[in-house]
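Asker: Below you'll find the structure I mean.
The values are calculated or read from the model by the stated rules, or taken from the named source; none is laboratory data. Remember, it's a predicted structure, so these values are computed and weren't measured experimentally. Positions of Cβ are backbone-derived with ideal geometry, glycine not excepted, and every protein chain shown enters the neighbour counts.
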Amino acid sequence: MPARIVFLGTPDFAVPSLRALAADTRFAVPLVVSQPDRPSGRGRRLQPPPIMVAAAELGIPVLQPATLRASEALATLAAAAADLFVVVAYGEILRRAILEMPRAGVLNVHPSLLPRYRGSSPIPAAILNGDAETGVSVIKLVRALDAGPILRQDVVKLSGNETAGVLSRQLAILAADSLPATVDGWLSGRITPRLQDDALASYTRELTRDDGRIDWAASALSIERLVRAMHPWPAAWTMLAGKRMILLESHISQKQPQLIPGTIIPLPDVPAVAAQDGLVYLERVKLEGRSEISGADWLRGAHLPPNARFDAP
């Protein structure tokens, strides 16, 4: 008889893992739990989360409670009679009653090499810090943030060119490729988890739009990493004459600008901006409320005065 697995997840990152478990005949997925529909787009219309769309395609019922603390949600989870819960980017910390509900506990897929980058933003953190590698950890959830014992880890080498969006998709596929074997090994008792070393733990928090603001007095390298780490959300941005501009793609050089940080250098092929120790070239940009364009096209239409500078944060 297939093992019964309740899947908890919400964003695109969770979809490959759900599909992998649902396609494996060793498992049955009687229920998917997701966050409620949220407003999205310019019209702010309610949109279902990606995992709900995938569950509908697979013919799996979906529960979308405002919180799993509600008695109705707990009753629905209990009625699923699951052997195991699998959590992939669900979006709510689970209470003890849920952690103790399935006989084999609750497994969680986390996109970092734990104990590094516990918390909600591990993928941008790896890019911001210039890490040479990152990966995916599968842990047994306990009542402490991402601190449970590790069942499996898979490592990815970083090229130094990834955006957070690209890396997220890569790690989502990596997780899905190994998750069925990990779940089967756990349920059959073939996996002995290892404890995390809490002394090595580091933590991330949920990003806000302010995290994307560029400080042109920082190093060129740190700004380039910020651009990649904040893409696609919350995006790296700056202000010019009171208007917000998003920097979508950049490259850098270590040429000493001898200019005040933030000064725009109107080079013919691609404009550059002076940073603390080099130049940041504006490859692709987006003015608020407009479509993205090349930096060169933006410069041609900007009609900047000499020595124009982006606003200091």
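Asker: Can you tell me how many residues in the stretch 243-302 are assigned to a strand (DSSP E or B) and under 19 Å from Asp215 (Cα atoms)? Give the derivation first.
Answerer: Kept after step one, since they are assigned to a strand (DSSP E or B), are these residues of the stretch 243-302: 243-253, 263-265, 272-274, 279-287, 292-294.
With the extra rule that they be under 19 Å from Asp215 (Cα atoms), the set shrinks to 243-253, 263-265, 272-274, 279-287.
Number of matching residues: 26.
Asker: Would you tally the residues in the stretch 135-168 being more than 19 Å from the chain's Cα centre (by Cα) and of a type in the set (Ser, Thr, Tyr)?
Answerer: 0
Asker: Name the residues in the stretch 172-195 that are farther than 15 Å from Val155 by Cα and charged (D, E, K, R), would you?
Answerer: Once the filter is applied, which keeps residues that are farther than 15 Å from Val155 by Cα and charged (D, E, K, R), the stretch 172-195 yields Asp184, Arg190, Arg194.
Asker: Hey, another quick one. Just to be sure, is Ala147 surrounded by 16 or more Cβ atoms within 10 Å (Cβ to Cβ), modelled with pLDDT of 95 or more and among the hydrophobic types (A, V, I, L, M, F, W, C)?
Answerer: On the way: surrounded by 16 or more Cβ atoms within 10 Å (Cβ to Cβ): yes; modelled with pLDDT of 95 or more: yes; among the hydrophobic types (A, V, I, L, M, F, W, C): yes.
Taking the combined requirement at face value, the residue satisfies it.
Asker: Then there's this: Would you say Val86 is buried (at least 19 other Cβ atoms within 10 Å of the Cβ), closer than 16 Å to Arg4 by Cα and either outside the structural domain of Pro180 (by TED's automatic domain parsing) or β-branched (Val, Ile, Thr) (or both)? I'd like the intermediate steps shown before the answer.
Answerer: Details: buried (at least 19 other Cβ atoms within 10 Å of the Cβ): yes; closer than 16 Å to Arg4 by Cα: yes; either outside the structural domain of Pro180 (by TED's automatic domain parsing) or β-branched (Val, Ile, Thr) (or both): yes.
Against the criterion (buried (at least 19 other Cβ atoms within 10 Å of the Cβ), closer than 16 Å to Arg4 by Cα and either outside the structural domain of Pro180 (by TED's automatic domain parsing) or β-branched (Val, Ile, Thr) (or both)), Val86 qualifies.
Asker: Okay, moving on. In the set Ser137, Ser120, which member is crowded, with 21+ Cβ neighbours inside 10 Å and either assigned by TED's automatic domain parsing to the domain that holds Leu226 or not aromatic (Phe, Trp, Tyr) (or both)? Give the steps one after another, and end with the answer.
Answerer: Numbers: Ser120 fails: crowded, with 21+ Cβ neighbours inside 10 Å.
Criteria check complete, one pass: Ser137.
Asker: Does Pro306 count as more than 19 Å from the chain's Cα centre (by Cα), surrounded by 18 or more Cβ atoms within 10 Å (Cβ to Cβ) and part of a loop (DSSP other than H, G, I, E, B)? Reasoning before the result, please.
Answerer: Values: more than 19 Å from the chain's Cα centre (by Cα): yes; surrounded by 18 or more Cβ atoms within 10 Å (Cβ to Cβ): no; part of a loop (DSSP other than H, G, I, E, B): yes.
It is false that Pro306 is more than 19 Å from the chain's Cα centre (by Cα), surrounded by 18 or more Cβ atoms within 10 Å (Cβ to Cβ) and part of a loop (DSSP other than H, G, I, E, B).
Asker: Considering every residue within the stretch 258-265, establish whether at least one is over 29 Å from the mean Cα position of the chain (by Cα), at negative phi, without any contact (Cβ under 8 Å) to a residue 12 or more places away in the chain and loosely packed, with under 13 Cβ neighbours inside 10 Å.
Answerer: Initial filter on the stretch 258-265 (over 29 Å from the mean Cα position of the chain (by Cα)): 258-261, 263-265.
Of the ones still in play, those that are also at negative phi are 259-261, 263-265.
If we keep only those that are without any contact (Cβ under 8 Å) to a residue 12 or more places away in the chain as well, we get none.
No, the conditions are met nowhere in the stretch 258-265.
Asker: Of all the residues that make up the stretch 102-126, how many are more than 30 Å from Asp211 (Cβ to Cβ) and touching a Phe, Trp or Tyr at 6+ places or on another chain (Cβ under 7 Å)? Give the derivation first.
Answerer: From the stretch 102-126, those more than 30 Å from Asp211 (Cβ to Cβ) are 102-105; that's our starting set.
Now narrow it down to the ones that are touching a Phe, Trp or Tyr at 6+ places or on another chain (Cβ under 7 Å): 102, 104.
Residues meeting the conditions: 2.
Asker: Any idea how many residues of the stretch 83-115 are in contact with a Pro (Cβ under 7 Å, 6 or more places away or on another chain) and among the hydroxyl-bearing types (Ser, Thr, Tyr)?
Answerer: Residues flagged as in contact with a Pro (Cβ under 7 Å, 6 or more places away or on another chain) and among the hydroxyl-bearing types (Ser, Thr, Tyr) within the stretch 83-115 amount to 1.
Asker: If a residue counts only when it is modelled with pLDDT of 95 or more, within 21 Å of the chain's Cα centre (by Cα) and assigned by TED's automatic domain parsing to the domain that holds Ser137, which strands (runs of 3 or more DSSP E) contained entirely in the stretch 1-77 have at least 3 such residues? Outline the logic, then answer.
Answerer: Working: elements: 3-9, 27-33, 38-40, 45-47.
Of the strands (runs of 3 or more DSSP E) lying wholly inside the stretch 1-77, those with at least 3 residues that are modelled with pLDDT of 95 or more, within 21 Å of the chain's Cα centre (by Cα) and assigned by TED's automatic domain parsing to the domain that holds Ser137 span 3-9.
Asker: Okay, moving on. Going through the stretch 174-186 one residue at a time, which ones are in contact with a helix residue (DSSP H, G or I) (Cβ under 8 Å, 6 or more places away or on another chain) and surrounded by 15 or more Cβ atoms within 10 Å (Cβ to Cβ)?
Answerer: Here is the first cut: in the stretch 174-186, the residues in contact with a helix residue (DSSP H, G or I) (Cβ under 8 Å, 6 or more places away or on another chain) are 175-177, 179-180, 183.
Ala175, Ala176, Leu179, Pro180, Val183 - these are the residues of the stretch 174-186 that are in contact with a helix residue (DSSP H, G or I) (Cβ under 8 Å, 6 or more places away or on another chain) and surrounded by 15 or more Cβ atoms within 10 Å (Cβ to Cβ).
Asker: Looking at the structure I just gave you, is Pro180 outside any helix (DSSP H, G or I) and either within 22 Å of the chain's Cα centre (by Cα) or not assigned by TED's automatic domain parsing to the domain that holds His251 (or both)? Before you say what the answer is, go through the steps one by one.
Answerer: Details: outside any helix (DSSP H, G or I): no; either within 22 Å of the chain's Cα centre (by Cα) or not assigned by TED's automatic domain parsing to the domain that holds His251 (or both): yes.
Against the criterion (outside any helix (DSSP H, G or I) and either within 22 Å of the chain's Cα centre (by Cα) or not assigned by TED's automatic domain parsing to the domain that holds His251 (or both)), Pro180 does not qualify.
Asker: Here is a further query. Could you pull out the residue among Lys255, Lys286 that is over 26 Å from Tyr117 (Cα atoms), under 22 Å from the mean Cα position of the chain (by Cα) and not assigned by TED's automatic domain parsing to the domain that holds Leu114? Reasoning before the result, please.
Answerer: Numbers: Lys255 fails: under 22 Å from the mean Cα position of the chain (by Cα).
Selected residue: Lys286, the only one of Lys255, Lys286 that is over 26 Å from Tyr117 (Cα atoms), under 22 Å from the mean Cα position of the chain (by Cα) and not assigned by TED's automatic domain parsing to the domain that holds Leu114.
Asker: Is it the case that Ser222 is at pLDDT 95 or above, polar (S, T, N, Q), surrounded by 16 or more Cβ atoms within 10 Å (Cβ to Cβ) and in a helix (DSSP H, G or I)? Don't jump to the end; show me each part of the working.
Answerer: Working: at pLDDT 95 or above: yes; polar (S, T, N, Q): yes; surrounded by 16 or more Cβ atoms within 10 Å (Cβ to Cβ): yes; in a helix (DSSP H, G or I): yes.
So Ser222 fits the description; yes.
Asker: Could you list, in sequence order, the residues of the stretch 84-103 that are in contact (Cβ under 8 Å) with a residue 24 or more places away in the chain and over 18 Å from Gly9 (Cβ atoms)?
Answerer: Within the stretch 84-103, the first condition is being in contact (Cβ under 8 Å) with a residue 24 or more places away in the chain, and the residues that meet it are 84-96, 98-99, 101-102.
The answer is Arg96, and nothing else.
Asker: Is it the case that some residue within the stretch 157-172 is surrounded by 15 or more Cβ atoms within 10 Å (Cβ to Cβ), hydroxyl-bearing (Ser, Thr, Tyr) and part of a strand (DSSP E or B)?
Answerer: no
Asker: Residue under question is Gly278, and the condition is that it be at pLDDT below 95 and more than 28 Å from Arg116 (Cα to Cα); does it hold?
Answerer: Working: at pLDDT below 95: no; more than 28 Å from Arg116 (Cα to Cα): yes.
In short, no.
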